[in-house]
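Everything on this sheet refers to the single structure shown next.
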Amino acid sequence: MTDIKTHYRNCNICEAMCGLEIKYKDKEILSIKGDQKDPFSKGYNCPKATALADFYQDKDRLKTPIRRTATGWEDISWDEAFSEITQKFTAIQQAHGKNALAIYLGNPNAHSLGNGLFLKPFIKSIGTINRYSSASADQMPHHVASNFMLGAGMLIPVPDIDRTDFMLIIGGNPVVSNGSMMTAPNVIGRMKAIQKRGGKIVVVDPRRTKTAKVADQHLFIRPEKDALLLFAIIHCIFASKKVNLRHLADMIEGLDDVKAVAKNYSPEKVAEFVGIDADTIRTLANDMMAAESAVCYSRMGASTQSFGGLCQWLTNVLNIVTGNFDRAGGAMFPQPAFDMIRNHKKGHKSTFGQYQSRVRKLPFFNGEFPVATLGEEILTPGEGQIKSLITIAGNPVLSAPGGDKLADAFDSLDYMVSVDIYLNETTKHANIILPGTTGVENSHFDIFFNSFSVRNTVKYSPPLFEKSVSQRSDWQILAELSARMAGIPLDHESLKITPEIILDMALQKGPYGEQGMSLQKLIDNPHGLDLGPLKPCLKARIKTENGKINLFPSIYLDDLPRLDEVMTKPTHDEQYPFELIGRRLVKSHNTWTQNSARLVKGKNPCTLEVNTQDAQRLGISNGQLLTVSSSNGEIAIPALVSDEIQQGVVTMPQGWGHNQKDTKMTIAATQPGVSINDLTHADRICALTGNAAFNGTPVAIKVA
Ligand SMILES: Nc1nc2c(c(=O)[nH]1)N[C@H]1C(S)=C(S)[C@@H](COP(=O)(O)OP(=O)(O)OC[C@H]3O[C@@H](n4cnc5c(=O)[nH]c(N)nc54)[C@H](O)[C@@H]3O)O[C@H]1N2
Ligand SMILES: Nc1nc2c(c(=O)[nH]1)N[C@H]1C(S)=C(S)[C@@H](COP(=O)(O)OP(=O)(O)OC[C@H]3O[C@@H](n4cnc5c(=O)[nH]c(N)nc54)[C@H](O)[C@@H]3O)O[C@H]1N2
Ligand code: SF4
Ligand SMILES: [Mo]
């Protein structure tokens, strides 16, 4: 028994940062459980964590570079792969300009220490402005709001869930997702604690989700009408004359302008469009004002929709005018030990709209263009056309709006490279796949999620298992590619820098440096360290030039006519009368965890939930195969008749569709699920931020 060892680390799958206790013997994982001594997650973990063992052992996982040939994939050496890639990328950039090479970054980059640190120099080395990521299929409206209101896109307010007395959750299902832009392991436990201390939770969602079932109140809302609801609540708060800005009173600009505009959105005016009656909206506003502390938290449902920009602005406004911004129990700002914005100067220029995309003129922001425009930038001929692409830890064929069309676009590229652990729906289009190490083979530190966390904590874990001699880490791949692209010799000193060296420096120079924070300190404390509850800190951390909160940035004013059209020109799509929204499943994470046998065990979860009355009207019965069509395409999917989904709305999981040919994810390929993004359309975006508008996609359904 003595040779059974224990390793502690944070789970790297979702944002929750659950601490894990892993028992192992030699190179075999024996068990994965929640780490009771983790100061943040306190023993909590979800079923996905155990699959870290499956990803480690997965026989389908790539370990060496492979190259596509006319007769199939062949193994090649790292040197051959790097040489070919450098030569091809350089030739394409010389012939067509720097921007002819594009880059797409997927979600696991945010969960990786090495990628978080080494992507920036890599991006610099390829010198392209054609940069895309999953962020514009997710949370870009949050960054836009923080950028314009607070002067820093990464200064994100997070709900102080552990102290709030009233939580309004709009378009989030954190009981399943475990929170997003709100790192909070065991959300369900934290929600129950709100109720135990006498507080209240209200969920606004077109579906009665697991989160809605835990809440005290659930309000069904029509998809994409959240900005109107938020405006109406704000209207009530101004009308009641109970605006109370507390300690931020001398930091707010534009209060009267917001008040004047909010006048136009009375509960009575918006009710029929929102689908929530005026009295209920007034009660909601009153409940929020009456609570000792309160917070509005809005997420995917309110971000990946046509008015995502307005929703995230109005969420901040609501928290501010109720006196719940930067205050215990409200929306607060973490102070991470690795502080990404510490050295940002006040008043630094926003890059929003610095460039416009070539074809659709969408805004460049936070160093990237919206992923919704990637396909047309590849397919539209002319000066500046994308000819070559590198994807890093992303699967846009399944994750981007109109993903199936992206597959065709990728086939038209002159040259494509993927840095990925699988041969999947996206990477199969690459000429070369470079596989990095993953999960337990990597050291781990959460750069991003400590910045979105509901409590200040910090933790570092070394790799559990050393990689084999033939393997490289993602960061090593990025470092070598950067050097080769920039013509730096491979024995250069800069190539000796590791993530640990940079991390240690950032910790020592960071906000806890004077108290002795360092990498060694974290190595000595493998369960992690508690740095305490969130503290009011906005005065010190705000990055606007004059140190004030801009409550009404003009970009939002300019977007209001578009919102008003919802009420003045309501449309009913005769051809596609249903509105499609997505759903997340406890046992899958986006597109990439479905090769774990234990996670996909059981009946097919990829079903289209249809409201009972709609089903009766259309003669649809449970389990029946349906054809679902949209302006983008068509899928076949079994029905799940339910009263949990609102009439006129249908929902299916995101991240599925693995039964394509020429991939190598043996278990995933046997799963019947289809891709929601064969239905969503790249043209459907939030016109303000360019973020994908997945929710509310018009669809038609019929029995197949
Ligand atoms: N319709 C609809 N579409 C959506 C969503 C939705 O709700 N509805 N959600 C959106 C959201 S929130 C997100 S974040 C995006 C996600 O969009 P993507 O990031 O494009 O998709 P993922 O499934 O996260 O892709 C992860 C990829 O990284 C690879 N990978 C996993 N681990 C590693 C690693 O350690 N190293 C490397 N190099 N590769 C690795 C996987 O094999 C996979 O190819 O999808 C978006 N798309
Ligand atoms: N188990 C699991 N956990 C995950 C992931 C996963 O794939 N699986 N993915 C991770 C990622 S990358 C992210 S970004 C987070 C996302 O975390 P969440 O934001 O919690 O994600 P969703 O479950 O997509 O929740 C969106 C909710 O919005 C609702 N909704 C849809 N349209 C509208 C609308 O117009 N208005 C309103 N009010 N609601 C609407 C949907 O019914 C759904 O309940 O989850 C993370 N955690
Ligand atoms: S909730 Fe997220 S971080 Fe926690 S164990 Fe599950 S997948 Fe991992
Ligand atoms: Mo996401």
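Below is a table of values for the structure above.
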read-out	value
Size of charge dipole - the chain - debye, nearest 20, with Cβ of Lys, Arg +1 and Asp, Glu -1, no other charges	1280
Extension gain from Asp408 to Gln647, taking 0.36 nm per residue of separation minus the Cα-Cα distance	82.6 nm
FRET efficiency estimate (nearest 0.05) - Cβ-Cβ, Asp530 to Asp216, R0 30 angstrom	0.50
Alpha carbon centroid spacing (whole Å) that separates region 85-133 from region 281-348	33
18 Å Cα-Cα reach of Lys42 towards aspartates and glutamates, excluding residues that sit fewer than 8 places from it in its own chain	Glu15, Glu21, Asp160, Asp162, Asp446, Asp530
Residues with amide H under 5 Å from that of Ser133, placed H, sequence gap 5 or more	Leu105, Val371
Ranking by accessible area, most exposed first, for Trp78, Trp313 with a 1.4 Å probe	Trp78, Trp313
Pairwise centroid distance, computed over Cα atoms, of region 488-548 with region 685-704, Å	40
Out-of-range pairs (alpha-carbon distance over 22 Å; input Lys124/Lys459; Lys33/Lys603; Lys263/Lys361; Lys98/Lys120)	Lys124/Lys459; Lys33/Lys603; Lys263/Lys361
Approximate spin-label separation Thr351-Lys25, in nm, with each point projected 7 Å along Cα-to-Cβ	5.1
Accessible area per residue, Å², region 571-703 with all protein chains present, probe 1.4 Å	40
Sum of -39500 (n - 2.57) over DSSP H runs of 4+, divided by residues of the chain (222 nm, nearest 500)	-8500 deg cm²/dmol
Additional length obtainable on full extension of the chain from Thr568 to Thr64, 0.36 nm per residue less Cα span	175.7 nm
Shape metrics for the chain, restricted to C-alpha atoms - Rg then Dmax, Å	24.5, 73
The chain, relative contact order in percent, only Cα pairs under 8 angstrom and at least six apart counted	20
Relative contact order of region 571-703, pairs being alpha-carbon contacts under 8 Å that are 6 or more residues apart, as %	36
Carbon plus sulfur fraction of accessible area for region 552-704, probe 1.4 Å, in percent	52
Cα-based reach from Lys200 at 18 Å (exclusive), listing lysines while leaving out same-chain residues under 8 positions away	Lys192, Lys210, Lys213
Inter-label distance, nm, simple model (7 Å from Cα along the C-beta direction), Lys603/Asp287	3.3
Span-like helix ranges in the chain, DSSP H, alpha carbon extent 24 angstrom or more, Kyte mean at least -1.0	78-96
Residue-level accessible surface for Ser675, protein heavy atoms, 1.4 Å, Å²	0
Interchain or long-range residues, amide H under 5 Å from Lys225's placed H	none
Phi-based couplings in Hz for region 197-214 (Karplus 6.51, -1.76, 1.60; Gly and Pro marked x)	8, x, x, 9, 10, 10, 10, 10, 6, x, 10, 7, 7, 4, 5, 4, 5, 6
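The values are calculated or read from the model by the stated rules, or taken from the named source; none is laboratory data. Just so it is clear, the model here is predicted, and its values are computed rather than measured. With ideal geometry, Cβ positions are generated from the backbone for all residues, glycine too; neighbour counts draw on all protein chains shown. The accessibility values were calculated without ligands, DNA or RNA, using every heavy atom of the protein model including side chains. Shrake-Rupley method; radii C 1.70, N 1.55, O 1.52, S 1.80 Å.
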